[in-house]
1. Looking at residue 304 and the list (1) outside any helix (DSSP H, G or I); (2) among the aliphatic types (A, V, I, L, M); (3) under 22 Å from residue 87 (Cβ atoms), which single condition is not satisfied?
2. Can you tell which of 116, 122, 140 is of a type in the set (Phe, Trp, Tyr), under 19 Å from residue 181 (Cα atoms) and free of Cβ contacts under 8 Å to residues at least 40 places away in the same chain?
3. Going by the conditions given, is residue 267 free of Cβ contacts under 8 Å to residues at least 24 places away in the same chain, of a type in the set (Asp, Glu) and surrounded by 14 or more Cβ atoms within 10 Å (Cβ to Cβ)?
4. Go through (1) assigned to a helix (DSSP H, G or I); (2) surrounded by 12 or more Cβ atoms within 10 Å (Cβ to Cβ) and name the single condition residue 56 misses.
5. Restrict the check to the range 103-110 and report whether at least one residue is at pLDDT 90 or above, in contact with a helix residue (DSSP H, G or I) (Cβ under 7 Å, 6 or more places away or on another chain) and closer than 18 Å to residue 239 by Cβ.
6. Checking residue 273 against (1) more than 30 Å from residue 188 (Cα to Cα); (2) in a helix (DSSP H, G or I); (3) touching a residue at least 60 places away in the same chain (Cβ under 8 Å); (4) not acidic (Asp, Glu), only one condition comes out false. Which one?
7. If residue 78 satisfies all but one of (1) under 23 Å from residue 257 (Cα atoms); (2) of a type in the set (A, V, I, L, M); (3) out of contact with any Gly (no Cβ under 8 Å at 6 or more places or on another chain), what's the number of the condition it fails?
8. List the number of the failed condition for residue 229; all other conditions in (1) out of contact with any Leu (no Cβ under 9 Å at 6 or more places or on another chain); (2) among the β-branched types (Val, Ile, Thr); (3) closer than 18 Å to residue 296 by Cα hold.
Amino acid sequence: MKKTQAALRQVGKCGRKKYQEWLWALLFVGPTVFGIYLFFIWPMVDSVYISLTRWNHLSKPIFIGLANYVQLFRDPQVLKEFLNTLFFVGTIVPVMVVGSLLLANALNTKTPLTGFLRTAFFLPYMLLPVVTATVWRVMFNTRYGLINVVLGGLGLPQPAWLMGEYSVRMVIMVVSLWAGIGYYGIILLAGLQNIPRQYYEACELDGGRAWHKFLHITVPLVTPQLFFVVMITIISVFQLFDFIFIFGKGIPAVKESIRTMAFGIYERGFTYLDMGYASAEAIVFCVLILAVTVVQNYGQKKWVHYS
């Protein structure tokens, strides 16, 4: 009888302990889950409903079904935004990824300036994109910008960088690389530092050169970090907005030539107050990014090597 009572007390203590653990877990996890629901899940669900209405922020939403989506796929301006978005993804992402890998490989050495250089390359990422774009807009100014002042001092042509459709795209690419290459390089550098030195030493004993080590050791063993960099770079470039907003200011023709889907969603929703149409484009945009992410996750099985 005493053994039974002792066993019951032990079971009771275990039950109370488990209850306390659940209570503490709920206490720590609850605010995060509530925040995710409040600021992410609910707005997404609400956006789906708004995309089926005509709403201008002021009057009551009017349900119109799939009319916004039908108009969206017939709108030539939306098609141009989609093509511009693909252009920036197709040009910025490869250069960013390759440049970050080469930068990380160069910084993966021990010299007196290594720490300073790592910090210097990472600092641009800490600036707000709007600040970065504003500073570079001044630097590329045709009349008093630093770029043209230097070119003029060297006797070279001084282009109107922000006036042409293709030149302003090049400017956006350059600024995007300047702002992000250090951040992605640091991520890849962390992966490079986890590669055992014995692999490189074995390659040297076999007569391998620097490019042999890079192609056959560095690249395969850093593919997990490389996959992460590719994924977040594609997503961030898909969402390119700040640079489009700043570099397209004051020049309607240039703005129309570089506008992306993210900028189109903002302009329709908060400039023209057509929230239903903007929400429809946002839903399609979200599905597009999700599809790209799924394809990336599926494709990683063929080239990512987890050691």
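The values are calculated or read from the model by the stated rules, or taken from the named source; none is laboratory data. Keep in mind that this is a model prediction, so the values were computed, not measured. Backbone-built Cβ (ideal geometry, glycine too); neighbour counts: all protein chains shown.
1. Result: residue 304 fails condition (3) only.
2. Numbers: 122 fails: free of Cβ contacts under 8 Å to residues at least 40 places away in the same chain; 140 fails: under 19 Å from residue 181 (Cα atoms).
After applying the criteria, what remains is 116.
3. Numbers: free of Cβ contacts under 8 Å to residues at least 24 places away in the same chain: yes; of a type in the set (Asp, Glu): yes; surrounded by 14 or more Cβ atoms within 10 Å (Cβ to Cβ): yes.
Yes.
4. (1)
5. no
6. For residue 273, the exception is condition (2).
7. (3)
8. (1)
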